[in-house]
Amino acid sequence: MEKFVSVTAPAAAVNLKDIDTDLIIPAEFLTSTSRDGYGQNLFSRLRQGDENFFLNREDCRNVQILVTDSNFGCGSSREHAVWAIQGAGLKVVISKSFADIFFSNSAKNGLLLVTLPDDVVDKLLQDLATVPAVMTVDLEAEEVTLPDGSKVKFSYDPFRRHCLLNGHDDIDYILASQAEVDSYRQNREGVRYYSTLQANHQKLFTEGNH
């Protein structure tokens, strides 16, 4: 998994609540056996219905940060929704709230989801309605620099933050702790060996006194 420390890039907005995973990537496109190829169909229904949708606009070609309203990622638990967002070049989604399963899937796949206060998101949705603007999202500092230069703090799960900063998925995290695992195992085996010796010694001592 790619490390995520911070990103400074243009941001665009989709001013909708309750964007579900089927709207993110419709079921008819779930045909690939790999994670590749989903980005081209991200928000396909919205793109088809609105020529000014951000993915249809030349000025949004380099957008890497998406701002939405609330309850983003609700609906089915399909992991493909995360792959589609990443496949389209987006690295961060900012919203008032996220669906729990979608949040978990995103963290495990390296997509950063940032929850900001309602008033901050409302202003971003307004400011980004017609033109993209550059923002910075810094996971290490847990801070977002808004288009006007002001800064807003956010909180992120410490374990998932550690994994994203180091580019670790769950398996990578375990492998990165291999030395500690080996040490624990050796210590456990040492304790077990010592306990066996102790038991054998006690048995011999008891038998020798009969």
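No value in this document is a laboratory result; all are computed from the given coordinates. Treat the numbers as computed from the prediction; the structure is a model and nothing was measured. Note: ideal-geometry Cβ built from the backbone for every residue, glycine included; neighbour counts use all protein chains shown.
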Report task. Run the quick spin-label model on ASN15 and ASP119: label points 7 Å from Cα toward the beta carbon, then report their separation in nm to one decimal. Result -> 1.9 nm
Query - Loop trypsin sites (Lys or Arg not before Pro), segment 49-129, which have at most 13 other Cβ atoms in a 10 Å radius of their Cβ (DSSP) - result: ARG61
Query raised in the report: How would you rank PHE154, PHE102, PHE54, going from fewest to most other Cβ atoms within 10 Å of each one's own Cβ?
Result: PHE154, PHE54, PHE102
Requested in this report: Within segment 104-132, find all residues whose amide N lies under 13 Å from a label point positioned 7 Å from the Cα of LYS151 along Cα-to-beta-carbon.
Outcome: none
Query raised in the report: Tell me, what HN-Hα J-couplings in whole Hz come from the Karplus equation 6.51 cos²θ - 1.76 cosθ + 1.60 at θ = phi - 60° for each residue of segment 56-70, using x for Gly and Pro?
Result: 9, 9, 5, 6, 10, 4, 9, 4, 10, 10, 10, 10, 10, 7, 9
Query - Rounded Å value of the spacing that divides the Cα centres of segment 12-65 and segment 92-140 - result: 15 Å
Requested in this report: Kindly put LEU165, LEU139, LEU124 in sequence by how many other C-beta atoms sit within 10 Å of each C-beta, fewest to most.
Outcome: LEU165, LEU139, LEU124
Report summary line: Once both label points are put 7 Å beyond Cα along the C-beta direction, the GLN40-ILE101 separation in nm becomes 2.8 nm
Query raised in the report: Between ALA133 and THR33, what is the FRET efficiency for a Förster distance of 41 Å, r being their Cβ-Cβ separation, to the nearest 0.05?
Result: 0.60
